[in-house]
Amino acid sequence: MSGPTRFPELNAVLDELVSSVRAILGDNFCGAYLQGSFAIGEADEFSDVDFIVVTNGGVTDEQLAALQAMHARIYGLESPWAQHLEGSYVPKDRLRHVDPDRTQFLFLDNGATELVLDDHCNTAVVRWVLREHGVVLAGPDPASLVDPVAPEQLREEAHCVIGQYVEWAHEGAMSRWKQPYLVLTFCRMLHTLHAGVVTSKRKAAEWALEALDPVWASLIQRAIDDRPDPWDRVHQSAEAELVARTRAFASYAASSAGAPTR
């Protein structure tokens with residue numbers, strides 16, 4: 001494989017991203033990395049592209065304006081990958097340790113063209129994946145930038161977050177994208193609570209098929225199989241029976257984790 005991923009078109013988008021970021025940040029640029037599914041493995045043509053840019057200090061107003069223009073320009077490139085970049089700009093001194101305050105960083109959401117302040121990437125999970133499996137696009141080994149994340153830190157975070165996902169499962173309508181995403185995410189959080197590491201959603205779901213109550217096997221297997229074209233399903237409603245079962249699975253997962261249920 002020549003390039004950071006097995007997709008040449010994505011590699012070209014990433015090259016444009018990194019070269020543009022380096023030109024804008026200058027001496028404030030420390031490194032750029034892939035995390036998420038492209039780092040853990042099992043990323044496919046439907047995956048979003050999770051990145052982290054590490055800065056040596058804060059981003060100035062002038063740099064921010066240039067970054068906003070750059071992200072809008074890259075979004076307009078003739079490649080679907082350019083519309084599915086997702087990541088944060090993290091000051092080096094804020095990256096090293098797990099941050100219990102979840103400080104907000106400049107964040108580009110999947111499908112967005114503008115950076116906003118968000119704590120999305122300020123997690124133990126992101127730090128663990130970046131340190132253990134991060135793909136270097138430019139800069140030093142990420143293990144030199146992030147201290148080891150202990151299994152108990154991952155478990156503590158999963159225990160806290162699982163309740164938030166239960167609430168989300170009961171909020172409003174559920175799309176055909178959200179429904180399998182929730183099932184696989186609950187599987188991954190339960191796996192993290194069990195093993196103290198982070199794995200891909202698919203591997204976590206395969207573990208769940210063996211480890212969890214068999215009554216959930218068909219729901220989990222359907223979520224595994226329901227992968228193609230997830231972004232076409234964002235505006236399509238999930239079947240009522242699947243919604244009910246997914247919400248019941250959310251309560252089961254929270255109860256298994258000792259977290260609040262509805």
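Being in contact with a Gly (Cβ under 9 Å, 6 or more places away or on another chain), assigned to a helix (DSSP H, G or I), under 20 Å from Glu167 (Cβ atoms) and among the hydrophobic types (A, V, I, L, M, F, W, C) holds for only one residue in Ala248, Ala244, Ala254, and it is Ala254. When you scan region 127-147, how many residues do you find that are of a type in the set (Gly, Ala, Ser), out of contact with any Lys or Arg (no Cβ under 6 Å at 6 or more places or on another chain) and not in a loop (DSSP other than H, G, I, E, B)? Matching residues across region 127-147 total 2.
The residues of region 220-262 that are among the basic types (Lys, Arg) and either more than 23 Å from Trp207 (Cα to Cα) or exposed (fewer than 11 other Cβ atoms within 10 Å of the Cβ) (or both), listed by number, are Arg233, Arg262. Is one or more of the residues making up region 206-223 more than 24 Å from Ser37 (Cβ to Cβ) and small (Gly, Ala, Ser)? Taking every residue of region 206-223 in turn, at least one turns out to be more than 24 Å from Ser37 (Cβ to Cβ) and small (Gly, Ala, Ser).
Here are Gly58, Gly26, Gly76: which of them is farther than 24 Å from Glu132 by Cα, open to solvent by 30 Å² or more (accessible area, probe 1.4 Å), of a type outside the set (Val, Ile, Thr) and in contact with a strand residue (DSSP E or B) (Cβ under 7 Å, 6 or more places away or on another chain)? Exactly one residue qualifies, and that residue is Gly58.
A quick yes/no check of all residues on (1) at pLDDT below 95; (2) among the small types (Gly, Ala, Ser); (3) closer than 18 Å to Leu130 by Cα; (4) not in a helix (DSSP H, G or I):
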site: Gln68; (1), (2), (3), (4): no, no, no, no
site: Ala82; (1), (2), (3), (4): no, yes, no, no
site: Tyr89; (1), (2), (3), (4): no, no, yes, yes
site: Arg94; (1), (2), (3), (4): no, no, yes, no
site: Leu106; (1), (2), (3), (4): no, no, yes, yes
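Of all residues in region 123-141, those that are surrounded by 17 or more Cβ atoms within 10 Å (Cβ to Cβ) have Cβ atoms under 6 Å from Cβ atoms of residues that are among the acidic types (Asp, Glu), 6 or more apart or on another chain, in Ala124/Glu157.
Listed here are the residues, each with its yes/no results for (1) closer than 28 Å to Ile74 by Cα; (2) among the basic types (Lys, Arg); (3) touching a Cys at 6+ places or on another chain (Cβ under 6 Å).
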site	(1), (2), (3)
Asn110	yes, no, no
Glu114	yes, no, no
Ala124	no, no, no
Pro148	no, no, no
Arg155	no, yes, no
His159	no, no, no
Pro180	no, no, no
Arg188	no, yes, no
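The values are calculated or read from the model by the stated rules, or taken from the named source; none is laboratory data. Every value quoted in this text rests on a predicted model; they were computed, and no experiment measured them. Cβ coordinates were reconstructed from backbone atoms using ideal geometry, including for glycine residues, and neighbour counts include every protein chain displayed. Please note that ligands, DNA and RNA were not included when accessible areas were found on the heavy atoms of the full protein model with its side chains. Shrake-Rupley method; radii C 1.70, N 1.55, O 1.52, S 1.80 Å.
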